[in-house]
Amino acid sequence: MPYPYVLLSAAVSLDGYLDDTTSERLLLSSPADFDRVDEVRASVDAILIGAGTIRADNPRLLVNSADRRHARVAAGKAEYPLKVTVSGSGDLDPAANFWHTGGDKVVYTTDKGARRADALGIAAEVVPLGPDLNWRRLLEHLHDERGVRRLMVEGGGTIHTQLLQQGLADEVQLVLAPLLVGDPDAPRLFGPGAYQGGRLRLTETRRIEDVVLMRYEPTAPGTGPLPSAADRHWLALACELAAACPPSATAFSVGAVIVAADGTELARGHSREAGDPVVHAEEAALAKLDPADPRLATATVYSSLEPCARRASRPKPCARLILDAGVRRVVTAWQEPDTFVTAADGNGLLTAEGVDVVVLPEYAERARVPNLHLTG
């Protein structure tokens with residue numbers, strides 16, 4: 001199921017701490033950066049913090065600028081983004097500022113926690129996720145039931161850690177402040193545990209008074225049948241490559257990218273690349289790699305259209321080329337229509353051979369657009 005775009009936002013000291021251990025909140029951002037955060041809040045559909053952050057900081061979590069609130073209303077949105085918190089226990093303070101400011105609120109909790117939260121009489125929707133907290137179920141509910149397309153997560157560190165470890169964070173906005181905390185008991189942004197491999201991609205750096213904003217996005221593909229945030233980034237690139245194809249009246253425009261398990265791009269290709277009128281995107285990308293490359297066994301192929309199962313122009317269809325290359329995971333956006341081949345089902349061929357096929361239908365429209373002259 002589709003998830004919202006998940007943006008993690010935090011400020012840390014030079015030695016990686018979110019706060020110190022005093023009773024007063026440590027202000028890490030500069031005034032100009034607080035205004036930037038307000039701008040980001042105004043741009044999203046929902047803001048999420050953990051129950052521990054509510055207890056520790058008692059935040060209001062508002063869009064402070066009246067002009068930004070008016071702009072939201074003029075655009076047909078609620079004055080304030082939806083406010084979301086997560087609590088496994090349902091142990092919440094009904095007097096906290098979180099509940100008494102802003103617009104709608106929702107609490108995600110366990111079945112046991114929901115009974116406790118309901119008994120408190122908090123003015124919020126309480127959503128039980130089952131016996132345990134489940135981030136994918138939470139994100140699906142926000143997307144499907146509350147219409148959230150962009151979610152800003154402001155902490156705490158445990159929530160940031162879980163979302164990043166599970167491959168669910170599309171972007172990290174990290175502000176580095178010129179302070180040192182040095183207290184081993186102070187909270188850190190990210191905790192220990194197993195994270196996805198590879199380097200994150202730096203997409204922006206910006207000086208804001210005496211702090212520095214850095215924006216990163218993940219690159220390492222997901223594993224198995226579950227999608228990750230990086231899968232969405234790579235599939236979006238494949239759709240961009242499809243849009244760059246020379247148009248044809250007899251073949252689809254398709255883009256493909258092959259990515260190693262550590263997030264390294266191995267090759268890319270698109271239909272009719274280099275003037276070849278019959279070359280397919282996956283075929284063009286695979287041709288750029290040594291068939292003996294050991295990284296192919298754990299790589300992911302991203303294709304805007306499901307790999308073909310039958311074709312007349314080459315001895316082997318793209319699904320078979322992928323299988324012969326030893327690739328065991330494919331992410332695609334759009335199932336092949338019956339325009340040229342009836343019931344092609346390349347995804348079915350791959351699945352039958354043990355390949356994990358992940359379909360992200362929210363990208364299907366992007367994949368279709370370069371082919372509207374064929375499909376209408």
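Each value in this text was obtained by applying a stated rule to the coordinates, not by laboratory testing. The structure displayed is predicted, hence computed values, not measured ones. Using ideal geometry, Cβ is built from the backbone for each residue, glycine included, and neighbour counts are taken over all protein chains shown.
Observations on the model:
- Spin-label pair residue 23/residue 287, simplified geometry with 7 Å Cα→Cβ offset, distance in nm: 7.2 nm
- A simple rule links phi to the HN-Hα coupling: the Karplus curve 6.51 cos²θ - 1.76 cosθ + 1.60 with θ = phi - 60°, which for the stretch 112-124 gives 5, x, 5, 5, 5, 5, 4, 5, 6, x, 6, 7, 7 Hz, with x for Gly and Pro.
- The chain: relative contact order in percent, alpha carbon pairs under 8 Å with at least 6 residues between: 15 percent
- Spin-label model, residue 215 to residue 140: label points 7 Å out along the Cα-to-beta-carbon direction sit 3.0 nm apart.
- Between residue 276 and residue 250, the simple label model (points 7 Å from Cα in the Cβ direction) yields a spacing of 1.7 nm.
- Counting only residues at least eight positions apart within a chain, or on another chain, the aspartates and glutamates with an alpha carbon under 13 Å from that of residue 112 are 91, 132.
- If only the Cβ of Lys and Arg carry +1 and only the Cβ of Asp and Glu carry -1, the dipole of the stretch 5-217 around its Cα centre is close to 500 debye.
- P(r), alpha carbons of the chain - 10 Å bins starting at zero, rounded %: 5, 21, 27, 22, 16, 8, 1, 0
- Residue 375/residue 174 FRET efficiency (R0 41 Å; Cβ-Cβ; nearest 0.05): 0.45
- With the helix formula -39500 (n - 2.57) applied to DSSP H stretches of n ≥ 4, the chain reaches a computed 222 nm mean residue ellipticity of -8000 deg cm²/dmol.
- Restricting the trypsin sites (Lys or Arg not before Pro) of the stretch 301-355 to loop positions (DSSP other than H, G, I, E, B) with no more than 16 neighbouring Cβ atoms within 10 Å leaves 310.
- Sparse-neighbour loop sites [GluC sites (Glu not before Pro); the stretch 135-216; at most 15 other C-beta within 10 Å; DSSP]: 209
- Modelled FRET efficiency - R0 41 Å, residue 205 with residue 119, Cβ distances, 0.05 increments: 0.30
- Residue 8 sits among other residues whose Cβ lies under 13 Å from its own Cβ, and their net charge, with Lys and Arg +1 and Asp and Glu -1, is -2.
- Cleavage-rule hits (trypsin sites (Lys or Arg not before Pro)) in the stretch 188-219: DSSP loop, at most 15 neighbouring Cβ within 10 angstrom: 199
- Sorting 107, 301, 359, 6 by the number of Cβ atoms found within 10 Å of their own Cβ, with the fewest placed first, yields 359, 6, 107, 301.
- Proximal lysines to residue 288, defined as alpha-carbon separation beneath 28 angstrom and excluding residues fewer than eight positions away on the same chain: 316
- Each residue in 151, 61, 289, 200 was given a count of other beta-carbon atoms within 10 angstrom of its own, and listing them fewest first yields 289, 200, 61, 151.
- Whichever lysines have a C-alpha closer than 28 Å to that of residue 105, once near sequence neighbours (fewer than 8 apart) are set aside: 77, 83
- Among 186, 11, 285, the residue with the largest mean-square fluctuation in a Gaussian network model of the chain, with springs joining Cα atoms closer than 10 Å, is 186.
- Each DSSP beta bridge with both residues in the chain is either parallel or antiparallel, and the antiparallel ones are about 40%.
- Simple Cβ-charge dipole of the stretch 229-375, Lys/Arg +1 and Asp/Glu -1, about Cα centre, in debye nearest 20: 220 debye
- Treating r as the C-beta distance of residue 342 and residue 240 and R0 as 41 Å, the FRET efficiency rounds to 0.90.
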